[in-house]
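Bear in mind these aren't lab numbers, they're just calculated from the coordinates by the rules spelled out. Please read these numbers as outputs of a predicted model, since none were measured by experiment. Ideal geometry is used to build each Cβ from the backbone, glycine not excepted, and the neighbour counts take in all protein chains shown.
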Amino acid sequence: METPGASRRLRVLHLEDSPLDHDLAATHLRRSGLDVDLRRIDTAAELDAALAEPWDAVLSDFNLPGFGGLQALERVRASGRAVPFILLSGEIGEDMAVQAMRQGASDYVLKQNMARLAPALENAIAAAEAERARQAADRELTLSRQRLSELAQHLQASIDSERAAIAREIHDDVGGSLVALKFDLAWIERRTADPEVRQRVQSALETVSHAIESSKRIMHNLRPAILEQGLVAALQWMAARFEKRTGVACRFRSSHEEMPALPPGVPLVAYRTAQEALTNVSKHARATRVTIDLTLTRGDLLLEVADDGVGLTRQDLAKARSFGIRGLHERASTVGGSIELSSGSRGTSLLLTVPLAAPITVIEPMAIDSDLEHDPTTAWGEM
């Protein structure tokens, strides 16, 4: 392994009031093969001035006139520079050495054992460089995670916008055509006396009615119009529909009969979170009872979906393709919220928390030519 001094000249600051001891340290470092620029200072003022320059390491005597090694260490740390600090002294007890190490010193070397100086300096510089590299990698990793999260939020917002656009197109194009076809079939039925024709028309009307209902269901899945009536009403409807469809008892409770105006995006996030949670319950939980709790307290919106099913194992949560839970985390983050999932032998609980006190930054999706104020899932005219 290449030593720190093998490829460059090291700049080392030496706090030492004895020129002879300074020369001795320089001699030992040169004999070890290190190329070192060793500058001697012996006052606090000189130390403060020198710390404005870049240094590879600081060597310090423990006792200086009116100034000590621990005080020097404090000044180096206060400067904000991550410079290795080594105590080089003939008078330092074990307790003081331990205290210095706890305060951030890299190492200590006794003047009676100067043979350790060069290895200690090399190790301290190598450790400092490794720590700086680790911190740089951590910063890059944090930035990468942030960018990935922003991308996921952007994609989720784009998906929601595209869903709304598709629902509107189904309403305007498919829905309008189906309703017009239903009127035409009814007109034909009223103007024919042929039983066979009337039977075929009636069959066609049933097919069109089924297509209209399917389109309504598809539009609701794309963009739930029930949210126009408020989050409480939407979750009540969802709980009743879930119980009717699955036969699993589903109880909805809320701290408010009607929620106050919520920030943009929050109702849809809460609705989709409950929807995904109930989907997981119906597919995997084998539950007999589900509870949905919606609470507004201390500036936070809390939505909890709990069941009494078989629960989730760590293996379930760690599955490589477990994108449902990950999607919930990313969706919650679009409104500054978070997801907590707990599971055990008594079932599973999923908790969405959205702080409402702080302003929410909504991630804007890519521009889509759609009028989101237009509600595409309102019921088509009935005959």
Sorted peptide list for 59-70, 270-281, criterion being average Cβ within 10 angstrom, highest first: 270-281, 59-70
Suppose every Lys and Arg Cβ carries +1 and every Asp and Glu Cβ carries -1, with no other charges. What dipole size does the chain come out with about its Cα centre, to the nearest 20 debye? 1320 debye
Any idea how far the Cα center of the range 81-144 sits from the one of the range 241-270, in Å? 57 Å
Can you pull the percent of Cα pairs in the chain with separation above 26 Å? 68 percent
Sorted by chain and number, the residues with a modelled amide H under 5 Å from that of F85, at a separation of 5 or more or across chains, are V58, S106, D107
On each of the three principal axes of the Cα atoms of the range 10-134, give max minus min coordinate, whole Å, ordered largest first. 34, 33, 29
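Using only DSSP helix segments of four residues or longer, with each worth -39500 (n - 2.57), what per-residue ellipticity at 222 nm results for the chain after dividing by its residue count and rounding to 500?
It comes out at -16000 deg cm²/dmol, rounded to the nearest 500.
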Restricting to bridges with both residues inside the chain, how much of the DSSP beta-bridge set is antiparallel, in percent to the nearest 5? 50 percent
Could you size up the charge dipole of the range 10-134 around its Cα centre, putting +1 on the beta carbon of Lys and Arg and -1 on that of Asp and Glu, and report it in debye to the nearest 20? 340 debye
Residue by residue through the range 238-250, which ³J(HN,Hα) values in whole Hz follow from phi under the Karplus form 6.51 cos²θ - 1.76 cosθ + 1.60 (θ = phi - 60°), with glycine and proline marked x? 4, 4, 5, 5, 4, 5, 5, 6, 9, x, 8, 4, 9
